[in-house]
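Note sheet for the following structure.
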Amino acid sequence: IATRSTGIFPLSRLPNFINMSYCKVIPASDDAPLDPSCAVVEKPCEVDLISRKAHTERQRISIDFDNTQEAYKSKDTLELLRSLLVFKLCTFDFLVDKNKELMDLSKKVFGQQLFEKLMKMTFYGQFVAGEDQNTIKPLIEKNQAFGVGSVLDYSVEEDLTQEEAEKKEMDSTCCLSFLRSQMQTWFYVYAARFIIIHNYVPTGCNECLVYNGFSSHVCLFQHAVVNGVRLMVDAEQTYFQPAISRLTLEMQRIFNREKPNIFNTYQCYLREAYDNVSVDVELSRREGWYFGAKLVRGAYMCQERSRAAEIGYEDPINPDYETTNRMYHKCLEYILEEINHNRMANVMVASHNEDTVKFTLEKMNETSLSPTENKVCFGQLLGMCDQISFPLGQAGFPVYKYVPYGPVNEVIPYLSRRAQENRGFMKGSQRERSLLWKELKRRLFSGHLLYKPAY
């Protein structure tokens, strides 16, 4: 039996539902003595070699993303109203373009204490879980009760000295013991900002970054793996990414031998995204470790294009959104095929696009891939697309919210960046706003306006 790339299919890899039997040849003569140990079949009959498959046809996966009662059962009415307000404000270009200046002005007008309260009632409360590992626990536990896990990210973005960065890096691991105590396997995000480049060798190519602090990163990865927490390495701009990908690949070689502990992130708005995915999949197959990928569309389009134009190299970004969609689905389909042929591949579909989620479910149906195998999981940002996350979680799929946390003042740069990156999605969030209105009306007319989630 031929496979896509490895030639002959070894017998050791045959699916365990294929049962092979041995029988004796019955002489053709009617007078021949019968061996009592051998059953005689008088007429030819068809033998179902894949008997288990015939009796265990998997039911097709179908998720209703229009059921607002299920989608928002983890939210009280005030949270729905806050979502409506925040999503509406995010549709105004002036507020998005000038968000940092407006927040600075608000801080001066209202004072620090009142400013923080206003932020927690609006944008911070919508997109950030809390200030530290203790304040985020209630939200994590509530989401878990409704079938949704958490990808933690300490979202403080600031310029640090080497010593400050190392301290922040190690302090951020304090949540690992808490995550280990949860019932579900959790992801802890090892963001690219924690990659500390101790010495940079200016050779003219961004592949040549030298890490003298390599051993400290091994310790961080090892600490997470020992605590049963998987790590996701975020993607950054193309002029950083080769070094990030190289470090991630080396960690996968070390820590993905027995299970997928380390996931790399692939940005599908890049022209080379499919090549990057296919090369890494092939490498993992040859070297015998678990491939782990998080697929995203990408976040630095304007920055990448302006830099390419300024320096004079080819634009690394796909020409339009539809091309990026096709690239995302092409990469996703390739990984799903690899999962179907080789159960050592794993993927997180990190997308707010409902069509992409439906595409994934359809491909899982075609390959009879069960959500309980945990080979495919889904991810969305906290405060966005609950109508996707929670129905998936309640249907038994591994689904995660990307959960930022950190002090209000220090998380403002993160919120500002996210506002810029997701402006397109926010402006097109009419469907999510209509579903929120639909649920509010349902609660009003059914007498459940004061609904409180029970868990």
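The values are calculated or read from the model by the stated rules, or taken from the named source; none is laboratory data. Worth saying up front: this structure is predicted, and the values here are computed from it rather than measured. With ideal geometry, Cβ positions are generated from the backbone for all residues, glycine too; neighbour counts draw on all protein chains shown. Accessible surface areas use protein heavy atoms only, side chains included; no ligands, DNA or RNA. Shrake-Rupley method; radii C 1.70, N 1.55, O 1.52, S 1.80 Å.
Some observations on this one:
Let's see how each residue does on (1) surrounded by 14 or more Cβ atoms within 10 Å (Cβ to Cβ); (2) closer than 17 Å to Ala350 by Cβ:
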residue: Thr248; (1), (2): yes, yes
residue: Pro260; (1), (2): yes, yes
residue: Phe263; (1), (2): yes, yes
residue: Trp289; (1), (2): yes, no
residue: Arg297; (1), (2): yes, yes
residue: Asp320; (1), (2): no, no
residue: Thr323; (1), (2): yes, no
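- When every residue of segment 95-111 is checked against the conditions, none turns out to be charged (D, E, K, R), closer than 28 Å to Leu392 by Cβ and modelled with pLDDT of 90 or more.
- The set of residues from segment 299-318 being assigned to a helix (DSSP H, G or I) and open to solvent by 40 Å² or more (accessible area, probe 1.4 Å) comprises Met301, Cys302, Gln303, Arg305, Ser306, Arg307, Ala309, Glu310, Ile311.
- Test: residue in segment 131-141 that is at pLDDT below 90, more than 25 Å from Val233 (Cβ to Cβ) and open to solvent by 60 Å² or more (accessible area, probe 1.4 Å): yes
- Annotation: of all residues in segment 362-389 being buried (at least 22 other Cβ atoms within 10 Å of the Cβ) and β-branched (Val, Ile, Thr), the one that is nearest to Phe65 (Cα to Cα) is Ile388.
- Hey, Asn346 under 14 Å from the mean Cα position of the chain (by Cα), farther than 30 Å from Leu436 by Cα and either modelled with pLDDT of 95 or more or open to solvent by 10 Å² or more (accessible area, probe 1.4 Å) (or both) or not: yes
- Within the set Tyr451, Tyr414, Tyr405, the sole residue that is surrounded by 16 or more Cβ atoms within 10 Å (Cβ to Cβ) and modelled with pLDDT under 85 turns out to be Tyr414.
- Selected residue (criterion: farthest from Lys259 (Cα to Cα)) from residues of segment 289-307 that are under 12 Å from the mean Cα position of the chain (by Cα) and among the charged types (D, E, K, R): Arg297
- Considering (1) surrounded by 14 or more Cβ atoms within 10 Å (Cβ to Cβ); (2) modelled with pLDDT under 95; (3) in contact with an Asp or Glu (Cβ under 9 Å, 6 or more places away or on another chain), the lone condition that Phe359 does not fulfil carries the number (2).
- Per the listing Gln380, Gln430, Gln387, Gln394, the residue uniquely free of Cβ contacts under 8 Å to residues at least 40 places away in the same chain and within 24 Å of Ile136 (Cβ to Cβ) is Gln380.
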